[in-house]
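Just below is one structure, and these are the notes that go with it.
The values are calculated or read from the model by the stated rules, or taken from the named source; none is laboratory data. Quick caveat: nothing in here was measured; it's all calculated off a predicted structure. Don't worry about glycine lacking a Cβ; one is built from the backbone with ideal geometry, like all the others, and counts go over all protein chains shown.
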Amino acid sequence: MPILHEKGGDIRMTTRMKKFVGFAATAAIAAATALPAVTFAQGTLNANDLGVGAISNDIKLGGGDVRQTAARIINVALGFLGIIAVVIVLVGGFKYMVSGGNEDKTTEAKNLIVSGIIGLAIILSAWAITSFVISNLLSATQDS
């Protein structure tokens, strides 16, 4: 009895094969879930077990507040997005200048400019919201 057979040009799996594949997938997921619990059975971990002591002299880990670090990362990401939006506006302006009166090219350039301006508005509002939330979070969680 063949496991795979051909009907009408395509290969189809039999019911028995489908059950076997389903069982194998279930067993693989169960093994992937249970295996980490078995491998970490040695007890509690400390900083030296994870190699932090080995790199402490080579890499200077920041001792700053996590909230401020997150705020800096968000500001840098929004800065990059702002640069991309400005480049989109500039590309749209360039395309508008070299369109030569062609309505299709002019429309495409205007759409790029509008999209860049909308992107800038979204980025600025995201920056304002994150600045507000982070500043209120910092002031609410600081020791008095």
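Points worth noting:
- Residue tally, condition surrounded by fewer than 14 Cβ atoms within 10 Å (Cβ to Cβ) and more than 18 Å from PHE80 (Cα to Cα), over the stretch 101-120: 7
- Every residue from the stretch 134-144 that is surrounded by fewer than 13 Cβ atoms within 10 Å (Cβ to Cβ) and not in a loop (DSSP other than H, G, I, E, B): SER135, ASN136, SER139, ALA140, THR141
- Residue list for the stretch 87-109, filter: in a helix (DSSP H, G or I) and touching a helix residue (DSSP H, G or I) at 6+ places or on another chain (Cβ under 7 Å): ILE88, VAL89, VAL91, GLY92, GLY93, LYS95, TYR96, LYS105, THR106, GLU108, ALA109
Yes/no matrix, rows are residues, columns are (1) basic (Lys, Arg); (2) modelled with pLDDT under 65; (3) surrounded by 12 or more Cβ atoms within 10 Å (Cβ to Cβ):
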{"site": "VAL52", "(1), (2), (3)": "no, yes, yes"}
{"site": "SER56", "(1), (2), (3)": "no, yes, yes"}
{"site": "GLY62", "(1), (2), (3)": "no, no, no"}
{"site": "ASP65", "(1), (2), (3)": "no, no, yes"}
{"site": "ALA70", "(1), (2), (3)": "no, no, yes"}
{"site": "ASN75", "(1), (2), (3)": "no, no, yes"}
{"site": "LEU81", "(1), (2), (3)": "no, no, yes"}
{"site": "VAL86", "(1), (2), (3)": "no, no, yes"}
{"site": "VAL89", "(1), (2), (3)": "no, no, yes"}
